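The values are calculated or read from the model by the stated rules, or taken from the named source; none is laboratory data. Since the structure is predicted, the reported quantities are computational estimates derived from the model, not experimental observations. When we count neighbours, we look across all protein chains shown, and the Cβ atoms used for this are built from the backbone with ideal geometry, even at glycine. We work out accessible area using only protein heavy atoms, side chains counted, and drop any ligands, DNA or RNA first. Shrake-Rupley method; radii C 1.70, N 1.55, O 1.52, S 1.80 Å.
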Amino acid sequence: MNILIVGAGAIGGYFGGRLSEKGQDVTFLVREKRKEILEKTGLKIESINGNADLVPHLITASDVGETFDLILVSTKSYHLAQAIDDIRPFVKDDTIILPLLNGIGHLDQLIDAFGENAVIGGLCFIETTLDENGTILQKSPSHQLIYGERSGEITPRIEKLQEVFDGANASFELSTQITQEMWHKYLFITTMSGITSLMESPIGPIMELETGRHTVKSLLEEIAAIMREMEAPIKKCITTDLFNKIETMSYDMKSSMQRDLEKSLPLEADHLQGFLLHHAQATPVPILETIYTKLKIYEKSN
């Protein structure tokens, strides 16, 4: 199976690197500038789970000709439209599209572009970043990628993916409930990104305060109520489960959105908080509205 990874950044570079390290046929679709850097430095991973120093196969959007069996998409939501245009020439009739974006709205964009059958479900749990030299840094134990048919079926192509992924130095996990897991992560990441960005604080100081804990719990309930209006397949106890998870997180934990805000970078406010607000009908969501307002004011000033 030949695999195309869209980008060679912190997420795509990490999981693509682990597959390449295993010996799979992996190509990275990158911008010209990133290609020039990687041709000089190679693809380097420095990780608590083991380092890797790889010579990646690189192409740019203009290098058309080859098509791929699997395309893994891990861009930010505001780069997705461009990524879709970039990968069109590399898609064939039976290409599998595996997205790792946060949220849910990207599924419709990918399905509209490539068809209902092409797109499977996916998500990941990993903290990675690029240093000033482009090395992928991964300092926490979790490096989990979860995938599966959105229908929950175990199909021949999913069994083939399992064969490709098994044995790589990362946790590639097949799920028969991937749609539910994506909604659960959406609830978690929207809460965490929203509350830490609103408070401009890591999660620890927020959870130290009774008012902070109450706000986190209320935000989880607001978002879950919208998701139930949307008939999303979330568990009844999911807000309790996620609140308990947040209680156990590192005191200094910051969301990636908060870090982007601190660096004056673009945000995924419309893809995460905005998408939910658009679907909120009968549910009052004052905390979510406050968060979204703050993020949009930030966007207008940057």
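Within the listed set Ile37, Ile223, Ile189, the residue fluctuating most in the Gaussian network model of the chain (springs between alpha-carbon atoms under 10 angstrom) is Ile37. Full extension of the chain between Gln162 and Glu289 gives 41.6 nm of extra length, using 0.36 nm per residue less the Cα-Cα distance. Considering the dipole of the chain built from charges on the beta carbon (Lys and Arg +1, Asp and Glu -1) around the Cα centre, which of Asn49, Val285, Ile11 is farthest to its positive end? Positive-most Cα among the choices belongs to Val285. Between Ala224, Ala282, Ala118, the GNM of the chain built on Cα springs shorter than 10 angstrom shows Ala282 fluctuating the most. Which percentage, to the nearest 5, of the DSSP beta bridges contained in the chain is antiparallel? Percent antiparallel among DSSP bridges in the chain is about 30. Between Lys139 and Ala282, the FRET efficiency estimated from the beta carbon spacing at R0 = 35 angstrom works out to 0.20.
Using a simple spin-label model with pseudo-atoms 7 Å out from Cα toward Cβ, Thr211 and Thr176 lie 4.8 nm apart.
Taken along its principal axes, the alpha carbon cloud of the chain reaches lengths of 54, 41, 36 Å, longest axis first.
At full extension, Thr240 and Asn302 could sit 18.7 nm farther apart than now, given 0.36 nm per residue minus the alpha carbon distance.
Just to verify a number: FRET efficiency for Asp85 and Glu231, C-beta to C-beta distance, R0 = 41 Å, to 0.05? E(calc), rounded to 0.05, equals 0.80. GNM remark for the chain: springs join alpha carbons under 10 Å apart, and the peak mean-square fluctuation among Gly274, Gly16, Gly122 falls on Gly274. Could you give the DSSP H helices of the chain that reach 24 angstrom or more along their long axis (alpha carbon positions) and whose average Kyte-Doolittle hydropathy is no lower than -1.0? Passing helices, by number: 178-199, 210-229.
Put simply, the convex hull of the Cα atoms in the stretch 17-123 casts, on average, a shadow of 7.4 nm². Surface composition of the chain: carbon and sulfur make up 49 percent of the accessible area, probe 1.4 Å.
3J(HN,Hα) couplings calculated from phi for the stretch 53-68 with the Karplus curve 6.51 cos²θ - 1.76 cosθ + 1.60 (θ = phi - 60°) are, in sequence order, 10, 10, 9, x, 8, 10, 9, 10, 4, 7, 8, 7, x, 8, 10, 10 Hz; Gly and Pro show x. Between the residues Thr67, Leu295, Ser175, the greatest Cα displacement towards the positive end of the dipole of the chain, with unit charges on the Cβ of Lys, Arg, Asp and Glu, is found for Leu295. Based on the convex hull around the alpha carbon atoms, the stretch 164-302 presents an average projected area of 9.9 nm². The residues of the stretch 202-252 have, on average, 55 Å² of accessible surface per residue, using a 1.4 Å probe with all protein chains present. Taking 7 Å steps out from each Cα toward its Cβ at Glu116 and Glu46 produces label points 4.8 nm apart. Computed from point charges on the beta carbon alone (+1 for Lys and Arg, -1 for Asp and Glu), the dipole magnitude for the chain about its Cα centre is near 480 Debye.
Pair-distance distribution of the stretch 101-196: all C-alpha pairs, bin width 5 Å, starting at 0; shares per bin in whole percent are 2, 12, 17, 21, 20, 15, 9, 3, 0. Derived scalar couplings between HN and Hα for the stretch 274-284 equal x, 4, 5, 4, 4, 9, 6, 10, 8, 8, x Hz in order, rounded to whole Hz, by the Karplus curve 6.51 cos²θ - 1.76 cosθ + 1.60 (θ = phi - 60°), x for Gly and Pro.
Helix-only arithmetic for the chain: the sum of -39500 (n - 2.57) across DSSP H runs with n ≥ 4, divided by the residue total, places the mean residue ellipticity at 222 nm at -13500 deg cm²/dmol.
Note on Lys22: lysines with a C-alpha under 23 Å away, same-chain residues under 8 apart excluded, are Lys35, Lys40, Lys44, Lys139, Lys160. For Lys235, the lysines whose Cα falls under 29 Å of its own Cα, not counting residues fewer than eight places away in the same chain, are Lys76, Lys185, Lys217, Lys245, Lys254. Note: the stretch 35-82, Cα convex hull, 145 Å³ per residue. A convex hull fitted around the alpha carbon atoms of the stretch 66-122 yields 70 Å³ per residue. Once both labels are positioned 7 Å from their Cα atoms along Cα-to-Cβ, the gap between Asp94 and Asn2 label points is 1.5 nm.
Remark: the stretch 159-285 carries a charge dipole of roughly 160 debye about the Cα centre, counting +1 on each Lys and Arg Cβ and -1 on each Asp and Glu Cβ.
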